[in-house]
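Report on the following structure.
What follows is calculated from the coordinates using simple rules that are stated; it is not laboratory data. Because the structure is predicted, anything quoted here is derived from the model rather than measured. Methodologically, a virtual Cβ is constructed for each residue, glycine included, from the backbone with ideal geometry; neighbour enumeration extends over all protein chains shown.
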Ligand SMILES: [Zn+2]
C-alpha cells in the first residue's frame with residue numbers, strides 16, 4: 001500500500017510530497033523543479 005512521504009531537494013531546497021509504494025522498493029527520484037536526483041526523504045514532523 002502506498003504512503004505519502006515528504007521529500008526535499010538538497011540542490012535547490014524544494015520540498016514536496018510523493019506517494020511511495022513500499023512494494024516497489026527503492027526508486028530514483030528527481031526534483032520536479034530542478035531535475036536533480038539529490039532528493040532525500042524528510043521525517044514527518046506534522047503529527
Ligand atoms: Zn531541486
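Treating each Cα of the chain as one equal point scatterer and applying the Debye formula with no solvent, the log10 of I(q)/I(0) at q = 0.28, 0.31 Å⁻¹ comes out as -1.08, -1.19. Packing-based ranking of 36-43, 22-29 yields 36-43, 22-29, ordered from highest to lowest mean Cβ neighbour count within 10 Å.
The label-point distance for residue 38 and residue 16, in a model that sets each label 7 Å from Cα toward Cβ, rounds to 1.7 nm.
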